[in-house]
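Since the structure comes first, as structure tokens, the remarks are kept for the end.
The values are calculated or read from the model by the stated rules, or taken from the named source; none is laboratory data. Here the structure is a predicted model, which means the values were calculated and not measured. Virtual Cβ from ideal backbone geometry, glycine too; neighbours counted across all protein chains shown. Just so you know, the surface numbers come from the protein's heavy atoms only, side chains and all, with ligands and any DNA or RNA stripped out. Shrake-Rupley method; radii C 1.70, N 1.55, O 1.52, S 1.80 Å.
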Amino acid sequence: MLRGVLGKTFRLVGYTIQYGCIAHCAFEYVGGVLVCSGPSMEPTIQNSDIVFAENLSRHFYGIQRGDIVVAKSPSDPKSNICKRVIGLEGDKILTSSPAGFFKSHSYVPKGHVWLEGDNLQNSTDSRYYGPVPYGLIRGRIFLKIWPLNDFGFLRDSPNGHRFSDELGK
Amino acid sequence: MCACACLSEAPRGSGPGPLGPFLLPLTRGFGQIGRGHKITTYPFSPRKKGRKGMVQSQGWVRRYFKAFCKGFFVAVPVAVTFLDRVACVARVEGASMQPSLNPGGSQSSDVVLLNHWKVRNFEVQRGDIVSLVSPKNPEQKIIKRVIALEGDIVKTMGHKNRYVKVPRGHIWVEGDHHGHSFDSNSFGPVSLGLLHAHATHILWPPKRWQKLESVLPPERLLVQSEEDCL
């Protein structure tokens with residue numbers, strides 16, 4: 001009786017470990033489903049939307065300007081942020097508002113990216129904490145799956161003017 | 001007569017699974033003992049050669065293939081998860097951590113045990129030797145010692161600011177070989193999210209087997225640590 005229970009327990013533990021490892025490999029190397037919260041990516045991604053993120057671009061270093069990425073927060077490694085890539089390494093970024101008299105530029109350092117939310121008024125992003133190292137990026141969001149009336153690939157940035165015309169390297 | 005005939009015949013195809021070649025001679029032997037004229041063969045009669053023999057050998061290949069696939073899908077995810085989440089080994093290159101690591105320079109590289117499990121909650125202590133993703137080159141991992149945690153004020157050596165307060169969620173890392181090290185004195189504090197693993201032991205060469213101690217070099221004592229402020 002005890003041996004039967006013990007055998008069943010071991011089998012259950014074995015299956016749990018096996019499926020846990022397969023799930024880890026899938027999330028780490030292929031992609032996963034995420035829930036986004038917060039207003040910083042409106043109107044592209046609303047609060048409590050469910051999106052699908054893929055991790056292959058990160059491993060093959062194929063993240064482009066205009067991609068929406070999930071990254072670890074620079075000030076809190078246990079939480080994730082979801083922003084759009086405005087500039088890659090070497091790009092020139094406008095760091096003050098174009099309406100102001102003093103326009104200041106800065107260059108994105110090597111190995112970093114510049115992230116901004118689509119909702120510029122209500123987003124804490126690289127304008128606040130500076131360029132983000134590429135190693136913090138976890139994946140690229142490319143498909144929204146909930147709400148169903150907004151199902152599909154994600155729109156381009158509503159802030160096209162933030163992308164620098166002169167992309168110097 | 002029968003005994004000689006049976007034992008000298010080689011089985012056509014092979015029995016089921018990897019134990020087949022071992023079971024066959026045993027059962028043939030048993031088939032002989034005490035049965036005299038009747039020969040019990042297991043599982044295929046050697047007289048039925050030809051087409052049936054060929055089909056059985058293909059069935060053997062298919063069974064091995066199935067067993068291999070099953071093993072593959074169990075073993076590979078478990079191994080990959082173990083190497084990503086628990087521990088792995090790595091060779092150290094370069095002279096930035098001399099004399100703690102690689103004291104022989106290019107003659108012999110140390111191999112260290114990297115422990116991912118200890119840093120799964122991003123908990124590090126001052127003096128730990130850690131590996132992290134390089135902030136300047138995401139394809140490379142660098143191995144340095146943690147000098148300061150968030151909130152500490154560091155007196156830098158070669159940085160553009162003399163004193164730096166480490167921001168929230170960041171750490172200050174330095175190599176032991178000052179002047180020959182690409183570390184926080186060049187690129188500033190690094191985010192904890194880039195932390196990869198904690199190096200705990202040297203595994204190779206055998207004469208350098210040791211546990212790596214978490215000790216701050218005496219000349220790198222902090223100006224002011226977070227605990228002093230409280």
When you look at A:I93, is it open to solvent by less than 70 Å² (accessible area, probe 1.4 Å) and not acidic (D, E), yes or no? yes
Quick check on my filter: what residues within segment B:149-179 are open to solvent by less than 30 Å² (accessible area, probe 1.4 Å) and not in a loop (DSSP other than H, G, I, E, B)? B:V154, B:V164, B:I171, B:W172, B:V173, B:E174
Among the residues of segment A:74-92, is there at least one that is more than 19 Å from the chain's Cα centre (by Cα), assigned to a helix (DSSP H, G or I) and within 13 Å of another protein chain (Cβ to nearest Cβ)? no
Hey, B:S134 hits all of (1) among the hydroxyl-bearing types (S, T, Y); (2) over 30 Å from B:F82 (Cβ atoms); (3) in contact with a helix residue (DSSP H, G or I) (Cβ under 8 Å, 6 or more places away or on another chain) but one; which does it fall short on? (2)
Would you confirm whether or not segment B:104-120 contains a residue that is within 14 Å of another protein chain (Cβ to nearest Cβ), open to solvent by 20 Å² or more (accessible area, probe 1.4 Å) and either among the small types (G, A, S) or assigned to a loop (DSSP other than H, G, I, E, B) (or both)? yes
Among (1) open to solvent by 20 Å² or more (accessible area, probe 1.4 Å); (2) more than 9 Å from chain A (Cβ to nearest Cβ); (3) under 29 Å from the mean Cα position of the chain (by Cα), where does B:V146 come up short? (1)
Within segment B:125-133, is there a residue that is open to solvent by 30 Å² or more (accessible area, probe 1.4 Å), closer than 23 Å to B:E219 by Cβ, of a type in the set (V, I, T) and in contact (Cβ under 8 Å) with a residue 60 or more places away in the chain? no
Of those in segment B:121-143 that are away from every other protein chain (no Cβ under 14 Å) and assigned to a strand (DSSP E or B), the residue nearest to B:V215 (Cα to Cα) is B:I129
So, in segment B:79-93, how many residues would count as being open to solvent by less than 50 Å² (accessible area, probe 1.4 Å) and over 10 Å from the mean Cα position of the chain (by Cα)? 1
Pairs please, first residue from segment A:122-142 and at the interface with chain B (Cβ under 10 Å from one of its Cβ atoms), second anywhere and of a type in the set (K, R), Cβ atoms under 8 Å, 6+ apart in sequence or on different chains. A:L136/A:K72; A:I137/A:R58; A:R138/A:R58; A:R138/A:K72
Can you pull out every residue in segment A:59-74 that is open to solvent by 40 Å² or more (accessible area, probe 1.4 Å) and more than 19 Å from A:L120 (Cβ to Cβ)? A:H59, A:F60, A:Y61, A:Q64
Tell me which of these A:V108 doesn't satisfy, since it passes every other one: (1) free of Cβ contacts under 8 Å to residues at least 40 places away in the same chain; (2) open to solvent by 20 Å² or more (accessible area, probe 1.4 Å); (3) closer than 20 Å to A:S157 by Cβ. (2)
Quick check: anything in segment B:96-103 surrounded by 14 or more Cβ atoms within 10 Å (Cβ to Cβ), more than 14 Å from chain A (Cβ to nearest Cβ), outside any loop (DSSP other than H, G, I, E, B) and out of contact with any Gly (no Cβ under 7 Å at 6 or more places or on another chain)? no
Those residues of segment A:114-159 which are open to solvent by 50 Å² or more (accessible area, probe 1.4 Å) and assigned to a loop (DSSP other than H, G, I, E, B) amount to A:T124, A:F151, A:R155, A:D156, A:P158
For A:P109, indicate whether it is in contact with a helix residue (DSSP H, G or I) (Cβ under 6 Å, 6 or more places away or on another chain), within 10 Å of chain B (Cβ to nearest Cβ) and under 25 Å from B:H196 (Cβ atoms). no
Positions within segment B:179-220 being in contact with a Pro (Cβ under 9 Å, 6 or more places away or on another chain) and away from chain A (no Cβ under 14 Å), in sequence order: B:R208
Taking segment A:18-30 as the region of interest, how many residues are more than 7 Å from every other protein chain (Cβ to nearest Cβ) and part of a helix (DSSP H, G or I)? 6
